[in-house]
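Report on the following structure.
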Amino acid sequence: MRRVVAALIVGAFAVSGLVAPSSAQADSWSPGPEKYDVVVTTDIPVTMPDGRILRAAIHAPAIKGTKTPAPGKFPVVLVQTPYSKTVADVGVGAVPPYLVKRGYLGVIVDVGGTGGSEGQSQLFGTQEAKDGAELVRWAAKLPQSDGKVGTLGGSYLGIDQLFTAAEVGPNS
């Protein structure tokens, strides 16, 4: 399980431009104990440059035994999904609670034209890539964000990661 989680984290943050550890470091990496509970805020509006509103859910570290957001700044794991951010509660396109409980801020966003987000669904269209880059910039500026944003997902979500990374570019 630890190697799987390490691979997910290394892969997710490698796409965002963060430095990935060497394989020796990944083999010795340990996630540490759970420090937090999870508090979820849903239907957060994110205004795109063209005025469309995308809807996000934030899964934030919470003080153990409470629903009070934990103080501090956390790296962000961003998931863009056409399957509805609310489905994340059952594991489809979710930021694993495993990560949030260890100090990551999980952000799940309905892509344009899906779930609670405005616009037309484009199935990997250029607008979806531009939205992804805007979402990375937005997530980096969240009050609880430390400015570092990685992406996560497989299948459709994974392809969105690649388009987002290409749109963000190597110098961001």
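Read the figures in this text as sums done on the coordinates, not as results from a lab. Note that the coordinates shown come from a computational prediction; the quantities given were computed from them, not determined experimentally. All Cβ positions, even for glycine, are placed from backbone atoms using ideal geometry, and neighbour counts span all protein chains on display.
So what's the net charge close to D37: Lys and Arg +1, Asp and Glu -1, counting the other residues with Cβ under 10 Å from its Cβ? Each step should come with its number before you reach the end.
Working: positive: K35, K64, K67, K101; negative: E34.
Combined, the nearby Lys, Arg, Asp and Glu give +3.
Among residues other than G132 with Cβ under 11 Å from its Cβ, the summed charge is -3 (Lys and Arg +1, Asp and Glu -1).
The modelled label-to-label distance between S28 and T41, using points 7 Å beyond Cα along the C-beta direction, is 3.9 nm.
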